[in-house]
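The values are calculated or read from the model by the stated rules, or taken from the named source; none is laboratory data. None of the values given here were measured: they were computed from a predicted structure. Because the Cβ atoms are built from the backbone with ideal geometry, glycine has one as well, and the counts that use them run over all protein chains shown. Quick note on the areas: whole protein, heavy atoms, side chains included, nothing else; ligands and nucleic acids left out. Shrake-Rupley method; radii C 1.70, N 1.55, O 1.52, S 1.80 Å.
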Amino acid sequence: RGNNDLRMLTLDGKGETRPLVTTAFTEGPADLSPDGQWLAYQQSDGAGRREIYISPFPDVASKRRLVSPGTQPVWAPNGRELFYVGPDHRIMVSEFVVRGSSFIASKPRLWSNQQLFTAGYTNLDLAPDGKRFAILPAPATPADVRVTTLLNFFDELRRRVP
């Protein structure tokens, strides 16, 4: 229905996409579970609140389940935990079990008290061991935000590393 829907890219070499989640709201980002059976995705509601949903994959239209308000879902490698950024910009986790075709999520809990920098893009990634994140932390004050631009990177690299 719009440019903010989730689409699936086929891997048949044609590079074609097909609709996956199409609503009047904005979807994404999304993450596929390690076993390929579940899709976690972010969707905004009409008031602008972002929420994390879980759906069976690839039949995402069936049995959609709300996990919690939040953004940026990331599956743990063990396939039993879903991490996401909560409304207060901290990492949350929800453990779950699958019984038959039902997804049963635990009550989300705080995973880290470190507040993340909200920049409008994905700012965290889970390490392959599922125990650590690479994050962009929130600055203590706006004055702590610095931008460094490096021009002629390869020239500088050749100068420093002969």
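Descriptive notes on the structure:
- Whole-number accessible area per residue in Å² for region 44-123, which is evaluated in the context of all protein chains at 1.4 Å: 53
- Fully extended contour minus Cα-Cα distance, from VAL147 to ALA61, at 0.36 nm per residue: 26.7 nm
- Rounded, prolate or oblate (a/c below 1.5 giving rounded, otherwise prolate when a/b exceeds b/c) for region 1-84 by Cα gyration tensor: oblate
- For the chain: rounded, prolate or oblate by the Cα gyration tensor [a/c cutoff 1.5]: prolate
- Total formal charge among the other residues, if their Cβ is under 12 angstrom from that of SER94, Lys/Arg +1 and Asp/Glu -1: +2
- A simple spin-label model places pseudo-atoms 7 Å from Cα toward Cβ; at GLN114 and ASP88 they are separated by 1.8 nm.
- Surface calculation, 1.4 Å probe, protein heavy atoms: GLU156 sits at approximately 50 Å² accessible.
- Under 5 Å, built H, 5+ apart or other chain: amide partners of PHE57: TRP38, LEU39
- Apportionment of accessible area to carbon and sulfur, region 1-117, percent (1.4 Å): 49
- For peptides 104-117, 79-92, sequence by mean Cβ density within 10 Å, most packed first: 79-92, 104-117
- In this structure, the amide hydrogen of PHE117, modeled 1.01 Å from its nitrogen in the peptide plane, lies closer than 5 angstrom to those of LEU136, ALA138, counting only residues at least 5 positions away or on a different chain.
- Residues considered: GLY100, GLY36, GLY70. Largest GNM mean-square fluctuation over the chain, using C-alpha springs under 10 Å, is found at GLY100.
- Distant-in-sequence amide H partners of LEU20 (H built 1.01 Å from N, under 5 Å): LEU6, ARG7, MET8
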